[in-house]
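A.B. asks: Here you go, one structure.
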Amino acid sequence: MKKTIFICFSTSEGSVSDHFVYLSNLLSKNLRVIIISDKKYYPRRLDKNITLEFWPSKRPTKLRDFFFYYLLLKKYRPLMTISLFGAVNINILTSYLFNIKYRIAWVRTLSTQFDINSYKVFRKSLVYKFATNIIANSYATANDASSVYNINSKKIKVLNNSVKDYYDNYSDIITDINKIVYVGRLHPSKGVDVLIKAFEVLADRYLELKLIIIGNGPQNDELKKLALRTGFMNRILFKGKKSKKKVLEEMKSSLTTIIPSYSEAFGFTVIEAMSMKTCVIGSDNSGIKEIIKHKKTGLLFETGSHKDLAKKLELIIENKDLRDRFAKNGYKRFQESYSTQIAVKRDANYFTNLIENS
């Protein structure tokens with residue numbers, strides 16, 4: 001009889017879901033895989049031999065979710081449980097009560113990216129103590145988790161995020177050398193204000209240049225007011241939230257994709273842009289600088305400095321060959337390290353080795 005594992009993640013059309021669907025498919029060749037999702041979405045690519053369950057609540061934090069999970073654990077008696085985002089607390093604590101051998105929490109955000117207080121830090125620290133293994137999506141995330149939640153670094157394994165290589169689906173899209181793209185939340189931590197100010201510096205010199213901003217968030221109105229004050233509102237276009245297909249199309253057709261975050265656990269946007277063979281420019285902090293190799297696979301600028309970002313933008317505007325070289329090298333780095341096809345094999349090997357050594 002196959003050994004059973006649980007994987008708790010949100011099934012959807014996004015890159016995170018893609019990664020875990022493919023990982024589940026690969027693991028299911030030798031293991032019985034049960035997926036528990038907080039979204040009632042059935043991925044088309046999910047193998048038929050995988051069982052898909054859904055949490056009773058939109059966010060699994062309630063008592064009914066505990067009883068639901070308790071019954072699943074009782075029924076299947078898994079050897080390993082893996083969870084991320086909102087499912088971590090209930091998964092780790094309930095799995096601990098059931099004495100599940102491997103209780104794995106996947107940490108994917110920095111503590112600086114959401115509001116925390118001493119109580120939340122204490123609660124999460126306690127949860128992580130009951131976990132047998134912690135997975136971080138970058139060394140920046142691993143160091144943050146270790147220092148903030150007092151996790152023994154030997155307990156943490158770094159497994160980077162991935163995205164599927166869709167380049168062949170978009171290879172015919174022509175690059176618009178006058179288009180700069182940002183994709184992400186409109187949140188103070190994302191540094192979109194820095195990007196708008198950098199655009200303002202260049203706008204008078206490059207009259208065809210335009211900035212496309214994709215995403216929503218609490219800073220939406222504030223950023224639109226900032227764009228209005230620059231006098232270039234007609235060239236700073238806020239497009240709201242877009243489908244993954246539209247996002248990849250915008251990236252592929254852009255001169256560059258900018259990631260101006262003040263802090264970032266990893267930076268999905270970086271590898272998504274690289275996967276489209278698009279030049280990337282990012283702030284020189286945390287998870288971003290682990291992906292972008294400065295002046296090799298893209299450019300890094302001083303975090304928070306719109307003047308330095310403007311200089312880096314000007315460099316690739318004026319030098320097409322340099323821009324194309326960064327884009328080509330970035331795509332190669334993506335293929336070697338961050339494509340889903342590569343990453344899920346790495347992850348599957350890690351979990352399989354844990355089980356085989358148990």
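So that you can scan it fast, the table gives a plain yes or no per residue for (1) out of contact with any Ser or Thr (no Cβ under 7 Å at 6 or more places or on another chain); (2) touching a residue at least 12 places away in the same chain (Cβ under 8 Å):
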position	(1), (2)
Ala145	yes, yes
Asn152	yes, no
Lys164	no, yes
Tyr167	no, yes
Ile180	no, yes
Arg185	yes, yes
Glu200	no, yes
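A.B. asks: Pick from region 123-152 the residues that are in a loop (DSSP other than H, G, I, E, B) and of a type in the set (S, T, N, Q): which of them is farthest from Glu264 (Cα to Cα)? Give the steps one after another, and end with the answer.
C.D. replies: Initial filter on region 123-152 (in a loop (DSSP other than H, G, I, E, B)): 131-132, 137-138, 149-152.
From what's left, of a type in the set (S, T, N, Q): 132, 137-138, 150, 152.
Numbers: Thr132: 25, Asn137: 11, Ser138: 10, Asn150: 20, Asn152: 22 Å.
Here the residue is Thr132.
A.B. asks: When you go through Glu290, Glu264, Glu272, Glu336 one by one, which is the residue that is crowded, with 21+ Cβ neighbours inside 10 Å, among the acidic types (Asp, Glu), within 20 Å of the chain's Cα centre (by Cα) and assigned to a helix (DSSP H, G or I)?
C.D. replies: Checking each option against the conditions leaves just Glu272.
A.B. asks: From the list Leu84, Leu126, Leu72, which residue is aliphatic (A, V, I, L, M) and farther than 23 Å from Ser17 by Cβ?
C.D. replies: On the way: Leu84 fails: farther than 23 Å from Ser17 by Cβ; Leu72 fails: farther than 23 Å from Ser17 by Cβ.
Only one candidate passes the filter, namely Leu126.
A.B. asks: So which of Ser253, Ser263 ends up being in the same structural domain as Leu309 (by TED's automatic domain parsing), in contact with a strand residue (DSSP E or B) (Cβ under 6 Å, 6 or more places away or on another chain), more than 12 Å from Val183 (Cα to Cα) and of a type outside the set (A, V, I, L, M, F, W, C)? Working first, answer last.
C.D. replies: Numbers: Ser263 fails: in contact with a strand residue (DSSP E or B) (Cβ under 6 Å, 6 or more places away or on another chain).
Checking each option against the conditions leaves just Ser253.
A.B. asks: From Arg44, Arg59, which residue is out of contact with any strand residue (DSSP E or B) (no Cβ under 6 Å at 6 or more places or on another chain), more than 24 Å from Thr132 (Cα to Cα), surrounded by fewer than 20 Cβ atoms within 10 Å (Cβ to Cβ) and among the basic types (Lys, Arg)?
C.D. replies: Step by step, each of Arg44, Arg59 is checked, and only Arg44 is out of contact with any strand residue (DSSP E or B) (no Cβ under 6 Å at 6 or more places or on another chain), more than 24 Å from Thr132 (Cα to Cα), surrounded by fewer than 20 Cβ atoms within 10 Å (Cβ to Cβ) and among the basic types (Lys, Arg).
A.B. asks: Further question on the same structure: Looking at (1) in contact (Cβ under 8 Å) with a residue 24 or more places away in the chain; (2) farther than 30 Å from Val247 by Cα; (3) outside any helix (DSSP H, G or I), which one does Asn99 not meet, given that it meets all the others?
C.D. replies: Single failed check for Asn99: (1).
A.B. asks: Could you tell me which residue of region 61-83 is nearest to the chain's Cα centre (by Cα), considering only residues that are at pLDDT 95 or above and under 24 Å from Ala265 (Cβ atoms)?
C.D. replies: Restricting to residues being at pLDDT 95 or above and under 24 Å from Ala265 (Cβ atoms), the top hit is Ser83.
A.B. asks: Considering only residues that are more than 28 Å from the chain's Cα centre (by Cα) and surrounded by fewer than 17 Cβ atoms within 10 Å (Cβ to Cβ), look in region 207-224 and name the one that is nearest to Leu255 (Cα to Cα). Reasoning before the result, please.
C.D. replies: Our first condition is that a residue be more than 28 Å from the chain's Cα centre (by Cα); within region 207-224, this holds for 207-209.
Keeping just the survivors that are surrounded by fewer than 17 Cβ atoms within 10 Å (Cβ to Cβ) gives 207-208.
On the way: Leu207: 15, Glu208: 12 Å.
So, considering only residues that are more than 28 Å from the chain's Cα centre (by Cα) and surrounded by fewer than 17 Cβ atoms within 10 Å (Cβ to Cβ), the one nearest to Leu255 (Cα to Cα) is Glu208.
The values are calculated or read from the model by the stated rules, or taken from the named source; none is laboratory data. From a predicted model like this one, the values you see are computed outputs, not experimental measurements. Cβ sites come from the backbone with ideal geometry, for glycine too, and all protein chains shown count toward neighbours.
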